[in-house]
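Taking it in order: structure first as structure tokens, then the write-up.
The values are calculated or read from the model by the stated rules, or taken from the named source; none is laboratory data. On a predicted model such as this, the values are computed, not experimentally measured, just so you know. Note: ideal-geometry Cβ built from the backbone for every residue, glycine included; neighbour counts use all protein chains shown. Surface areas here come from the heavy atoms of the whole protein model, side chains and all, with no ligands, DNA or RNA. Shrake-Rupley method; radii C 1.70, N 1.55, O 1.52, S 1.80 Å.
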Amino acid sequence: MDTITSDHDRKTRAAIHIASERINNFRMRQNSFTDSQTTTTPRNPQLPVTSSRRRDQSKRFFTFVAAFAAMILFPAFRQQLDYATFYCRSTMELLIDYPLPLTSLHHVHDPSARELPLNSSLRKRPRLDRSTFFHTGASEEDIRKFFHWDPSSILDETMTSSSNTKLLVEPMWSCHNPDSRSTRLIFHHMPKSGGLTYRALLKAYSLLCNASIALVSHCTFLGREYMDGSDNATHWRNGIRTRDASKNCVLSNALDRTGQVLTNDLRMSTSLLNEHQFDILAGHLPLGSDEFWKDSNTGKHVNARSLVLFRNPLEKYVSQFLADHWSTGIGNSSIDEVVAFMAANVQNRTSRNEYYELYSRTLIRPEQRTWIDLEHVQWTPEHRLNLTLRNLVESKTVVGIMERVESSIELVRYLLDKNHEIPHMAFSYFSSNKLSNKIALLHGASSNRTKDIVARIEQNSRILAVFNEFLKYEQAAYDWAVRIHERQVRIMQQSYLARNMSSVLPA
């Protein structure tokens with residue numbers, strides 16, 4: 001609306017004129033009251049408060065306390081309060097076309113004053129769109145499409161559909177030709193899934209083959225609001241509505257292709273990615289961390305390939321439980337005591353409809369979490385499982401399995417050393433059990449103790465049933481990941497046969 005009709009202009013000027021007169025009258029009364037107070041009785045900032053005023057203050061105080069307590073105890077009330085705040089603010093924006101500051105009101109009823117256009121600098125914010133004001137949230141059809149996943153993309157063994165072609169694995173790099181690295185590798189480290197071994201492998205590769213690398217930690221819940229590189233997103237943080245809300249993502253290490261440290265700043269940011277153009281980005285990062293990563297040459301989104309490791313859910317949960325409770329002295333308890341304590345904890349959480357869903361933390365993209373928060377979608381474990389599996393396929397993810405360490409390491413070799421310029425013994429070292437045991441001991445837990453506890457749980461059918469219920473969604477994601485891994489290994493072996501090249505895998 002660029003012009004104002006004469007009738008609307010007349011009514012607007014009349015309304016503003018009346019408001020201006022009322023404000024002037026109020027100021028005159030206030031000034032006269034202040035003068036009388038000054039001339040007769042000196043002002044005392046600690047005048048006694050009347051009983052009615054005291055009652056009003058008490059009423060406001062207890063209303064605030066009640067609202068604050070309800071906001072904490074009842075999430076539904078907090079959501080309604082958010083809606084009310086949004087609607088109150090939006091209503092003012094709808095009713096006021098161009099909010100004027102009080103200092104400019106005296107110009108309005110001045111006949112010589114010029115008209116203030118709608119697009120003047122006095123307009124503080126754009127008028128809210130009516131479709132946004134009356135937005136009632138995502139429809140059931142939108143929610144159904146958002147969480148839909150078609151398992152045929154994994155079940156179908158042919159490679160004719162677009163979904164299946166995303167599961168293809170092809171060699172990316174040659175060790176001694178850094179300039180040919182047009183594709184980036186992002187390793188998404190999920191806790192207790194053998195990730196430290198692969199981080200060590202990737203760092204060794206970067207030093208041997210002149211690849212730049214950035215290692216990030218404490219960034220599993222990376223918030224999209226901190227990724228776009230704006231003034232409010234100078235560095236990466238975990239999302240506002242997550243468990244680690246607003247905690248900084250830590251840049252553990254950043255090396256260029258010559259092995260030199262690029263920065264001593266421990267904060268990760270999108271500008272740092274775009275400035276240094278790392279070949280490898282690895283760490284506790286969710287899928288979609290590369291959303292704002294631009295190629296410095298073309299200005300377009302970088303071509304990136306994701307690498308994710310999976311582990312048997314029962315072993316992973318036991319290993320994580322031991323690590324989290326190691327300081328409590330659980331390592332000195334007997335196996336039966338540990339199993340009984342874990343079973344009671346799992347049964348208590350299951351009774352509250354809580355399930356072990358560690359994969360979804362990493363495999364749901366930040367922009368997806370943002371949409372869910374904005375639309376106030378009440379998502380379920382089934383929703384998170386579907387979204388996790390769909391992202392595995394659509395994000396061109398290379399899947400490794402901890403229990404199949406040799407084939408997983410060979411997949412990494414297939415990606416990073418297509419001409420086999422590195423001796424296979426270098427990769428075989430990272431698939432040895434000795435290295436895994438050393439890393440486990442560094443974290444205060446023993447892999448042998450984890451296996452003993454898992455074996456004891458599997459011997460008791462009643463306790464095993466309790467764990468299976470608690471881990472059912474994690475187990476479903478793991479089973480589908482194994483299928484993807486098996487398909488990618490077959491593709492790799494077929495490529496080796498076609499190129500007459502050998503593999504580390506046993507015949």
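Name the residues in the range 185-199 that are more than 21 Å from residue 275 (Cα to Cα) and at pLDDT 90 or above, would you?
Correct list: 188, 189, 190, 198, 199.
Do we find that residue 361 is touching a residue at least 12 places away in the same chain (Cβ under 8 Å), within 20 Å of residue 192 (Cβ to Cβ) and within 19 Å of the chain's Cα centre (by Cα) in this structure?
Considered against the rule, which asks whether it is touching a residue at least 12 places away in the same chain (Cβ under 8 Å), within 20 Å of residue 192 (Cβ to Cβ) and within 19 Å of the chain's Cα centre (by Cα), residue 361 comes out as yes.
So which of 432, 436 ends up being surrounded by 15 or more Cβ atoms within 10 Å (Cβ to Cβ), among the hydroxyl-bearing types (Ser, Thr, Tyr), within 34 Å of the chain's Cα centre (by Cα) and at pLDDT below 85?
436
Can you pull out every residue in the range 180-228 that is closer than 29 Å to residue 356 by Cα and among the charged types (D, E, K, R)?
Scanning the range 180-228 gives 192, 199, 224, 225.
Would you check if there is a residue in the range 367-375 being within 15 Å of residue 143 (Cβ to Cβ), among the polar types (S, T, N, Q) and open to solvent by 60 Å² or more (accessible area, probe 1.4 Å)?
No, every residue in the range 367-375 fails to be within 15 Å of residue 143 (Cβ to Cβ), among the polar types (S, T, N, Q) and open to solvent by 60 Å² or more (accessible area, probe 1.4 Å).
Hey, among the residues in the range 288-314 that are polar (S, T, N, Q) and assigned to a loop (DSSP other than H, G, I, E, B), which one's most open to solvent (accessible area, probe 1.4 Å)?
If we take residues in the range 288-314 being polar (S, T, N, Q) and assigned to a loop (DSSP other than H, G, I, E, B), then 297 is most open to solvent (accessible area, probe 1.4 Å).
Output yes when any residue across the range 279-297 is within 24 Å of the chain's Cα centre (by Cα), without any contact (Cβ under 8 Å) to a residue 24 or more places away in the chain and within 20 Å of residue 173 (Cβ to Cβ), and no when none is.
Yes, the conditions are met somewhere in the range 279-297.
Got at least one residue in the range 445-467 being hydrophobic (A, V, I, L, M, F, W, C), at pLDDT below 80 and under 20 Å from residue 319 (Cα atoms)?
The answer is yes; a qualifying residue exists.
Tell me which residues, restricted to the range 219-265, are of a type outside the set (Ser, Thr, Tyr) and not in a loop (DSSP other than H, G, I, E, B).
222, 224, 225, 237, 238, 248, 250, 251, 253, 254, 255, 261
Go through the range 139-176 and report how many residues are open to solvent by 70 Å² or more (accessible area, probe 1.4 Å), modelled with pLDDT of 80 or more and over 29 Å from the mean Cα position of the chain (by Cα).
1
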